[in-house]
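S.K.: Take this structure, written in structure tokens, and hold onto it; I'll ask about it next.
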Amino acid sequence: MKKPLIILDRDGVINIDSPNYIKCPKEWIPIKGSLEAIAKLNQAGFSVVVATNQAGISRGIFTFEDLHAIHSKMIDTLTQYGGNIDAIFFCPHNPIDLCECRKPRPGMINEIQVRFKVNLTDVKLIGDSHRDLLAADKAGATPWLVKTGNGQKTIEAHENGTQILPPNTETFLDLSEAVKTILK
């Protein structure tokens, strides 16, 4: 039997975000409760996949090796809580490249669907930015927004009419609260 799947954005959902990018393992700091939440998903039988834009690579701000080191720290820290991430998908491109894998385009999410052989209508994508929600919606996944990271700004942009959230978007305080709802 296939395990249910949850897709998570990284910066602002799992770890504290930075407008200057997370460039090295030292800058990767988990959001309180996020690693425990991922471990709870794993313990409940979910596969957890990360889908993250990482334009800092194409901009020369950090390297693929730096990104690998950051992800190694994330995985190693998560194992201390009894959790794991089944896969990490990332887009290294600059927004001006107009690639299909960079959120808000659905390419990365569609690739996850192919690799994990899942129906995206059964998958929640939890993000903190408008682009995460749009990518989820375009791919057919359920968009969930957390208020951590850019989440509060995303809500404010929706409330003042500068961004429209997909109609089926649900909002949560943080990843921990979203996971509690999933596991109810």
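The values are calculated or read from the model by the stated rules, or taken from the named source; none is laboratory data. Keep in mind the model is a prediction, meaning the values are calculated, not measured. Neighbour counts are summed over all protein chains in view; Cβ atoms, including those assigned to glycine, are modelled from backbone coordinates with ideal geometry. Side chains included, ligands, DNA and RNA excluded: accessible areas come from the protein's heavy atoms. Shrake-Rupley method; radii C 1.70, N 1.55, O 1.52, S 1.80 Å.
S.K.: Within the bounds of region 166-181, is there any residue that is in contact with a His (Cβ under 6 Å, 6 or more places away or on another chain), open to solvent by less than 30 Å² (accessible area, probe 1.4 Å) and either of a type in the set (S, T, N, Q) or over 26 Å from residue 39 (Cα atoms) (or both)?
M.R.: No, there is no match, as no residue in region 166-181 is in contact with a His (Cβ under 6 Å, 6 or more places away or on another chain), open to solvent by less than 30 Å² (accessible area, probe 1.4 Å) and either of a type in the set (S, T, N, Q) or over 26 Å from residue 39 (Cα atoms) (or both).
S.K.: Contact list please: Cβ distance under 7 Å, first residue in region 136-154 and without any contact (Cβ under 8 Å) to a residue 12 or more places away in the chain, second residue assigned to a loop (DSSP other than H, G, I, E, B) and surrounded by fewer than 23 Cβ atoms within 10 Å (Cβ to Cβ), pairs at least six apart or on different chains.
M.R.: Sorted first by the residue in region 136-154, then by its partner, the list stays empty.
S.K.: Answer yes or no as to whether residue 61 is in contact with a His (Cβ under 9 Å, 6 or more places away or on another chain), open to solvent by 10 Å² or more (accessible area, probe 1.4 Å) and assigned to a loop (DSSP other than H, G, I, E, B).
M.R.: no
S.K.: Within region 102-121, can one find any residue that is touching a Ser or Thr at 6+ places or on another chain (Cβ under 6 Å) and at pLDDT 95 or above?
M.R.: no
S.K.: Would you mind stating whether residue 116 is out of contact with any Gly (no Cβ under 9 Å at 6 or more places or on another chain), among the aromatic types (Phe, Trp, Tyr) and open to solvent by less than 60 Å² (accessible area, probe 1.4 Å)?
M.R.: Criteria met by residue 116.
S.K.: Let me ask something additional. Restricting attention to region 75-132, which residues are among the aliphatic types (A, V, I, L, M), on the phi < 0 side of the Ramachandran plot and over 14 Å from the mean Cα position of the chain (by Cα)?
M.R.: Within region 75-132, 75, 78, 96, 114, 118, 120 meet the criteria.
S.K.: Ok, one more. From the set of residues in region 167-184 that are among the charged types (D, E, K, R) and outside any helix (DSSP H, G or I), which is farthest from residue 134 (Cα to Cα)?
M.R.: Residue satisfying both the conditions and the ranking: 184.
S.K.: Among the residues of region 1-30 satisfying the criterion of being among the β-branched types (Val, Ile, Thr) and open to solvent by less than 10 Å² (accessible area, probe 1.4 Å), which is nearest to residue 55 (Cα to Cα)?
M.R.: So, considering only residues that are among the β-branched types (Val, Ile, Thr) and open to solvent by less than 10 Å² (accessible area, probe 1.4 Å), the one nearest to residue 55 (Cα to Cα) is 22.
S.K.: In the list 97, 122, which residue meets the criterion of being within 25 Å of residue 67 (Cα to Cα) and acidic (Asp, Glu)?
M.R.: 97
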